[in-house]
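The values are calculated or read from the model by the stated rules, or taken from the named source; none is laboratory data. Note that the structure is predicted; figures quoted are calculated from it, not measured. Ideal geometry is used to build each Cβ from the backbone, glycine not excepted, and the neighbour counts take in all protein chains shown. Accessible surface areas use protein heavy atoms only, side chains included; no ligands, DNA or RNA. Shrake-Rupley method; radii C 1.70, N 1.55, O 1.52, S 1.80 Å.
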Amino acid sequence: MYALLKLILNRLAHAIPTLVGIIVIAFILLSLAPGDVVDILAADGSIQDAATAAAMRAKFGLDQPLPMQALNYVIGVFQFNFGYSPIHSLPVSDLIVSRLPATFLLMASSILLSVIVGVVIGLYAALNVRTWKDFLGSVFAILFFAAPSFWVGLMLMVVFSIKLELLPVSGMVSMRINATWFSQALDIARHLILPTCALGLFYAAIYARVMRAAVLQVSKLDFVETARAKGVPEGAIAFRHILRNAVLPVITLIGLQTGNVMAGAVVIEQVFSWPGIGTLLFDAVLDRNLPVVMGVLILSSVIVMVTNLIVDILYFILDPRIQLEKHS
Amino acid sequence: MKGSAFLARYLSSPSAILGTSVIVMIVTAALFASVLYPQDPLRSVAAPEIWPFVDAAHPLGTDAIGRDIAAMMMHGARTTIAIGLIASIVASIIGILIGAVSGFYGGMVDNLLMRFTELFQIIPNLVFLIALVSVFGPRIEVVVLGIGSVSWTGMARLVRAEFMTLKNREFVLAARAAGMTDLRIIASEILPNALPPAVVLASLIVGAAVLYEASLSFLGLSDPAIASWGRLVGEGRSLIRTSWYIAAVPGLGIMLAVLSVNLVGDALTDALNPRLGREASGS
């Protein structure tokens with residue numbers, strides 16, 4: 001327990017300078033862009049005269065020298081203040097928080113799908129190595145590793161929503177009044193299927209490859225031979241001895257891939273009009289609403305850092321041999 | 001390693017042959033784009049929504065505003081190849097520079113550079129890319145440099161690891177004893193030995209770069225004046241109910257391009273590490 005606490009504290013101490021670095025990068029991008037929040041407001045006529053503009057600049061701290069603005073921005077972010085979205089007339093943090101649940105739902109279901117599909121296919125292929133089953137698994141992995149997720153999404157949409165009319169085309173909920181919470185949940189689940197497959201199958205392909213390699217490696221180790229010599233049934237060896245050890249590299253990858261899953265969700269949300277931060281980011285880019293863009297950039301990085309921490313903890317629990325020294 | 005032995009091992013793998021032939025196909029399409037379709041591919045030339053394999057003059061059909069899909073595919077192949085290659089070169093240069101300095105000097109420099117690398121590993125690549133485009137505008141050079149600037153971290157880590165093992169080898173110590181400058185040792189003694197695995201990684205970066213470009217242009221965030229497969233998929237969305245082929249055809253192109261690059265990258269890895277054998281590939 002003490003070692004775990006030490007691991008967490010160690011990670012947090014390491015994360016803070018990294019986070020400051022990311023915020024500074026975001027601030028540099030923000031200040032390189034021509035025009036600021038006040039210019040955007042002036043462009044759509046919300047601000048008419050120079051005096052109001054100057055007052056607004058003073059209010060947002062835009063009249064201060066750049067290093068001071070950078071410091072204010074960093075301090076602001078640590079207080080969960082990402083600035084102000086002139087188009088929505090709302091703080092950026094409120095906007096992002098309101099969109100996060102939809103994105104988290106899509107990410108979680110995609111990661112779940114990719115791990116289950118990837119582990120099953122990888123394990124199955126490795127247990128049948130060099131047969132046609134193994135070959136089929138490899139073809140699956142190679143195809144979905146190369147297919148762009150947005151295209152997979154569109155093609156799934158053509159088949160399952162437009163031709164077969166089994167699933168909704170886009171959005172997260174259907175317009176319905178007086179629905180029970182259960183039918184609402186079912187409705188969201190139906191909307192979730194296609195985006196989840198579009199996003200998850202790419203990662204399933206990666207995990208299938210890694211899982212296959214890991215299973216092949218683990219099955220050559222001494223303890224598997226020992227189990228076999230003791231007469232443990234093959235099925236029990238596969239699940240109790242091999243799977244448990246071979247799944248560790250997959251867990252590491254899940255942590256490493258969170259950022260990419262998040263970025264993938266940005267595109268997939270756009271395909272299926274899923275109301276998450278991807279759609280928010282896309283609209284913000286079109287409106288040149290940069291405070292929102294940078295808010296999404298920073299917050300998605302924070303989410304990646306948090307996931308990495310969770311994976312470290314999970315790893316620690318699953319494999320107690322790995323102590324702090326291996327992480328440092 | 002002898003070149004001929006390497007080539008023989010490379011060509012013994014069926015996936016290498018498949019990958020190489022698809023790449024040759026795409027390069028040929030790109031080379032003959034201006035010969036077969038000398039005019040701007042983004043011009044309307046026929047009736048809209050002609051299906052593929054219906055009209056011999058437009059073998060892959062036309063899109064919503066009557067532009068020839070085959071012409072856009074062939075011109076788009078150029079964009080795909082150019083962006084994939086240049087972005088991979090940019091990423092490799094950044095990665096090799098940072099990795100070499102980090103691995104060679106170690107200590108404080110290594111620590112700082114690796115923290116910097118970690119920053120870029122944490123920021124979601126595509127989100128950073130979208131942020132870059134929204135700040136600097138959807139121009140082709142922004143897209144290429146942006147893709148390069150989010151793709152170098154793996155290269156930096158690989159080159160760093162190679163340098164860390166190579167810098168204590170005898171030939172490097174001999175070079176040091178002979179009084180060679182650091183720069184010469186890095187560039188002419190260590191780097192050539194670290195290059196083979198770096199080249200393999202660079203080929204895999206090409207595949208990733210093609211996917212980044214496709215995603216950006218699908219979202220409509222790349223240069224609108226340039227024919228691009230991703231953009232065509234994005235534009236095909238508006239007619240997805242009736243003319244789904246407009247989105248399907250360019251998507252297949254992207255998939256084939258990435259697939260072939262990945263196959264070649266895997267085959268190169270196998271050919272470089274014959275000891276690893278087939279099982280270890282992909283780990």
I'm told A:D187 meets every condition in (1) open to solvent by less than 20 Å² (accessible area, probe 1.4 Å); (2) within 11 Å of chain B (Cβ to nearest Cβ); (3) free of Cβ contacts under 8 Å to residues at least 40 places away in the same chain except one. Can you identify the failing condition by its number? (2)
Looking only at the stretch A:130-153, filter to residues that are more than 8 Å from chain B (Cβ to nearest Cβ) and not in a helix (DSSP H, G or I); which one of those is nearest to B:L204 (Cα to Cα)? A:R130
Restricted to the stretch B:194-228 and to residues being more than 18 Å from the chain's Cα centre (by Cα) and within 14 Å of another protein chain (Cβ to nearest Cβ), the residue farthest from A:F272 (Cα to Cα) is B:P224
Among B:G61, B:G66, B:G103, which is modelled with pLDDT of 90 or more and of a type in the set (G, A, S)? B:G103
Apart from one, (1) at pLDDT 85 or above; (2) surrounded by fewer than 19 Cβ atoms within 10 Å (Cβ to Cβ); (3) closer than 29 Å to B:V210 by Cα all hold for A:M157; the odd one out is (2)
Among the candidates B:F53, B:F32, which residue alone is open to solvent by 50 Å² or more (accessible area, probe 1.4 Å), out of contact with any helix residue (DSSP H, G or I) (no Cβ under 6 Å at 6 or more places or on another chain), more than 25 Å from B:V144 (Cβ to Cβ) and aromatic (F, W, Y)? B:F53
Go through the stretch B:96-155 and count every residue that is of a type in the set (S, T, Y), surrounded by fewer than 22 Cβ atoms within 10 Å (Cβ to Cβ) and not in a helix (DSSP H, G or I). 0
Those residues of the stretch A:263-278 which are farther than 16 Å from A:G153 by Cα and in contact with an Asp or Glu (Cβ under 7 Å, 6 or more places away or on another chain) amount to A:G276
Looking at the stretch A:267-287 only, could you name the residues that are touching a Ser or Thr at 6+ places or on another chain (Cβ under 7 Å) and of a type in the set (A, V, I, L, M, F, W, C)? A:V267, A:I268, A:F272, A:I277, A:V285
Being assigned to a helix (DSSP H, G or I), away from chain A (no Cβ under 14 Å) and either free of Cβ contacts under 8 Å to residues at least 60 places away in the same chain or surrounded by fewer than 17 Cβ atoms within 10 Å (Cβ to Cβ) (or both) is true for just one of B:L183, B:L191. Which residue is that? B:L183
I'd like the full set of residues that are within 14 Å of another protein chain (Cβ to nearest Cβ) and crowded, with 18+ Cβ neighbours inside 10 Å, limited to the stretch A:211-241. A:M211, A:R212, A:A213, A:A214, A:V215, A:L216, A:V218, A:S219
Just checking, does the stretch B:127-144 include any residue being away from chain A (no Cβ under 11 Å) and closer than 22 Å to A:A15 by Cα? no
